[in-house]
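In what follows, a single structure is set out as structure tokens and then discussed.
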Amino acid sequence: MIDFSRMRFVRSAMEPVHFPNLQKPEFAFSGRSNVGKSSLINMICKSTIARVSKTPGRTQAINFFEIQELVFADLPGYGFAKVSKALRQQWKSLIENYLEQRKELRLIVWIIDARREIDEPDLMYYDWLKYYRRKLFLVLNKIDKIPKNELQKVTSRIIKAFPDEQFSLCSVLKHSGRDQLAAAILDELKKPQ
Ligand code: GDP
């Protein structure tokens, strides 16, 4: 069993030259701003290592964390309307470089707000991840906000939009879904490279 609570901050990288050379399997966390990405990383690590942001969309850096067995990369969120064009361009270039170059990257944990319909920015982001042939695990977060009798509708929507992808349901608020995500990470680690 991996002890995620030993996770330690390595570095914040605003440019590819600052990506750390850690030579360990890497798992990236990504999603729209405010989807609960920092909260999810904190839940997995049972800590407050990824700051839960007060101003969504501000940070345009990739934050790297490590334990003995693996690395987490916290990617800046996409689709936040209030950032400038220059910041958006900076984001695009950083993520593009990361997706293209990062050989250690094994899996992208893509967090989606379970309440929202999949829209154009999501689909564009998805196409982009697929263009770089990256493997995904989808986490539908904030399911505490959805009435139980509507959960089926939410999962059907995801299966229809992304039929080839694995996903799980999650509520950081209710502390549910941690085990499925941890299992997906462990599964991926066991696969031969
Ligand atoms: P990030 O911008 O994606 O890193 O999102 P944060 O982790 O900063 O969370 C954004 C907001 O969503 C915060 O107010 C969190 O408390 C809240 N949040 C995160 N996960 C959940 C969840 O599962 N349910 C609910 N209701 N709120 C959540």
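You will find that of Lys160, Lys174, Lys130, the residue that is outside any loop (DSSP other than H, G, I, E, B) and open to solvent by 90 Å² or more (accessible area, probe 1.4 Å) is Lys160 and no other.
Among the numbered criteria (1) open to solvent by 90 Å² or more (accessible area, probe 1.4 Å); (2) away from the ligand (no atom under 16 Å from the Cβ); (3) not small (Gly, Ala, Ser), which single criterion is violated by Lys148? The one condition Lys148 does not meet is (2).
In region 75-121, of all residues being within 14 Å of the ligand (Cβ to nearest atom) and of a type in the set (D, E, K, R), the one that is surrounded by the fewest Cβ atoms within 10 Å (Cβ to Cβ) corresponds to Lys82. Among the residues of region 98-105, is there at least one that is of a type in the set (A, V, I, L, M) and at pLDDT 85 or above? The answer is yes; a qualifying residue exists.
Of all the criteria given as (1) closer than 21 Å to Ile2 by Cβ; (2) aliphatic (A, V, I, L, M); (3) more than 16 Å from the ligand (Cβ to nearest atom), the one not satisfied by Ala161 is (1).
Note on region 1-51: residues that are in a strand (DSSP E or B) and near the ligand (Cβ under 8 Å from one of its atoms) total 2.
The values are calculated or read from the model by the stated rules, or taken from the named source; none is laboratory data. Keep in mind it's a predicted model, so treat the numbers as computed, not measured. For neighbour counting, all protein chains shown are included, and Cβ atoms are generated from backbone atoms with ideal geometry for every residue, glycine included. With ligands, DNA and RNA removed, areas are computed over all heavy atoms of the protein, side chains included. Shrake-Rupley method; radii C 1.70, N 1.55, O 1.52, S 1.80 Å.
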